[in-house]
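Report on the following structure.
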Amino acid sequence: MPTFFDQLRQHAIYRPEHEAIVTDLYSLNYAEVLCRVETGHNYLRNSGIGPDARVGLTIADEVEHLLASLALLATGSGQIILATHDSLALRSCLAEKLQITHVLSTDEKYRVSGAAFVSWSEQESTDSSLSVIKPSMSSATLYLRTSGTTGDSNLVPFSEEQIAMQSEQHPEYANEIVLRLASIEHNNSKRHRLYAVWLGGTNVFHPEGNFDVVGFALRRSVTCIDITRMHASDLAASENAYKLSAVKIRTAGSGVPLDVRQRILDKITKNLYVRYGATECGSIASAMPGEHDAEETSGRPFDEINLQIVDPDDSVLPTGHTGEIRVQTPGMATGYYDSPDDDAKRFRKGWFYPGDLGCLRSDGQLIVKGRKDDMIILNGINIFPAEIEKVLESHPMIKSAAALALQSKVHGQIPVAAVELLPGKTVSVSELNAFARQHLSLRAPRRILVMSRLPRNSQGKIMKREIRTSFGQRTSIS
């Protein structure tokens, strides 16, 4: 299988003028990107970064981050994002855990103890001549972090070959001009940026700070916008969102409720794709245009994805029965870095268990019910947090909801929920309680907390651990 550098060189040979990178100020074609990556590779090798190195990449500029990442792949070294938005304590912890040898950045303030600092800013002004690149597909490693919304994050090592295999599941990227609103310093965004490079597509990078998404997308002839659920609501509220009617909207990263999907369909475009996947294996399934229904389907599994629904004994369940999801996917990880307990839990006999519950309908559509660990058991009644969240988010005053369990000495667990209201809206807790009981009966949350903003991580995922703290729970309650 070719390396990323081999693939980049092929794009530069066969369509050198095709735009690889587009910003609001400039663009780079594949011939220019190849030149930049060659220069970067030689500079890194002269700086002591080779196959034995593990590099923390701390570059906020998205174009420079992508070029540096491609150059690192060409050196055969390992790399991990030590994001500029991470605290020094977190970056230092990750660097120590992975035994980072170098930090590659544009600013010396991102140094970490014990690692050599290499300035990416100096590469173009340095004589970086070196022999012909001969990268090894087997040596380069990309370490991705799991989201860590319910516990400490794990590090997931991927070989260059595994990322390439995942890329092949997205042939549409070859002909797309893709704008992603999430920064490349986030795992999913970076991985899909690499997919587009592998397939010869066009990566579009938006301006820093607040900007007109619609105007920028039209100005740069964007054919697909990849957004999070959080971005989806904001984009649908834009007055001129209808101008994107010919553009694809892809969203993933967390469950996308029907009302959010419907706002996109009604106010932006009918070309909506809702993707389901996991850090450890990439994309698993996608709900296509025309497939968005009341069950909030995640769509049919992609070609070459083997997906099963199993019971606690790993016996395959029939169609329509809810159980644990397990998958086998091209290029999926085979384990975590230095985490044998989680390996045993998630990677078993060639299968990866994302930790989600779901079922397969008779039409092949996957319905994800929620996280297995989030299941609430109230007096023997199984309650999915997603069913509570779906009802609360149907209330006209609520923007987002998060349901979770609090431990109870009497009932085992009780369901509670926190909600974030739409801007300028007000509603009493008693009204929300009545609304929830009307639609959920015994499954209704016993307490509802109205928050000015639900706590989220840098990728927009709701942090339920912090919400639990907001309820003030330190021990079990009656």
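The values are calculated or read from the model by the stated rules, or taken from the named source; none is laboratory data. Owing to the predicted nature of the structure, the values given are computational and were not obtained by experimental measurement. We place every Cβ from the backbone using ideal geometry, glycine too, and count neighbours over all the protein chains shown.
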*How about region 28-50: which of its residues are at pLDDT below 95, surrounded by fewer than 20 Cβ atoms within 10 Å (Cβ to Cβ) and touching a Pro at 6+ places or on another chain (Cβ under 9 Å)?*
none
*asked:* Residues that are within 28 Å of the chain's Cα centre (by Cα) and either exposed (fewer than 15 other Cβ atoms within 10 Å of the Cβ) or closer than 28 Å to ASP234 by Cβ (or both): does region 435-449 have at least one?
replied: yes
*In region 93-113, which residues are part of a loop (DSSP other than H, G, I, E, B), within 21 Å of ASP61 (Cα to Cα) and either under 23 Å from the mean Cα position of the chain (by Cα) or not charged (D, E, K, R) (or both)?*
THR106, VAL112
*Among the numbered criteria (1) in contact with a Lys or Arg (Cβ under 6 Å, 6 or more places away or on another chain); (2) crowded, with 17+ Cβ neighbours inside 10 Å, which single criterion is violated by SER69?*
(1)
*Could you identify the single residue in PRO289, PRO318, PRO330, PRO312 that is within 30 Å of ALA164 (Cβ to Cβ), without any contact (Cβ under 8 Å) to a residue 24 or more places away in the chain and either out of contact with any Cys (no Cβ under 7 Å at 6 or more places or on another chain) or in a strand (DSSP E or B) (or both)?*
PRO289
*For LEU44, work out the one condition from (1) under 27 Å from the mean Cα position of the chain (by Cα); (2) in contact (Cβ under 8 Å) with a residue 60 or more places away in the chain it doesn't fulfil.*
(1)
*Taking helices (runs of 4 or more DSSP H) that fall entirely within region 368-478, which contain at least 2 residues that are hydrophobic (A, V, I, L, M, F, W, C) and more than 30 Å from GLU185 (Cα to Cα)?*
385-393, 429-440
*Selected residue (criterion: surrounded by the most Cβ atoms within 10 Å (Cβ to Cβ)) from residues of region 176-223 that are over 20 Å from THR58 (Cβ atoms) and of a type in the set (D, E, K, R)*: GLU176
*Specify the residue that is farthest from ILE268 (Cα to Cα); the eligible residues are those in region 193-210 that are free of Cβ contacts under 8 Å to residues at least 24 places away in the same chain and not small (Gly, Ala, Ser).*
GLU208
*Of these, LEU57, LEU28, LEU34, which one is free of Cβ contacts under 8 Å to residues at least 40 places away in the same chain and in a strand (DSSP E or B)?*
LEU28
*Taking region 49-72, which residues are out of contact with any strand residue (DSSP E or B) (no Cβ under 7 Å at 6 or more places or on another chain) and closer than 14 Å to ALA116 by Cα?*
GLY50, ASP52
*Looking at region 333-367, which of its residues are more than 24 Å from TYR195 (Cβ to Cβ), part of a strand (DSSP E or B) and not hydrophobic (A, V, I, L, M, F, W, C)?*
ARG348, GLY358
*Filtered residues of region 219-266 (kept if out of contact with any Asp or Glu (no Cβ under 8 Å at 6 or more places or on another chain), modelled with pLDDT of 85 or more and closer than 23 Å to VAL391 by Cβ)*: GLN262, ARG263, ILE264, LEU265, ASP266
*Tell me, which residue of region 286-312 that is within 20 Å of PRO330 (Cβ to Cβ) and of a type in the set (S, T, N, Q) is surrounded by the most Cβ atoms within 10 Å (Cβ to Cβ)?*
SER298
*Which one is nearest to PHE5 (Cα to Cα) among residues in region 51-86 that are charged (D, E, K, R) and at pLDDT 95 or above?*
GLU64
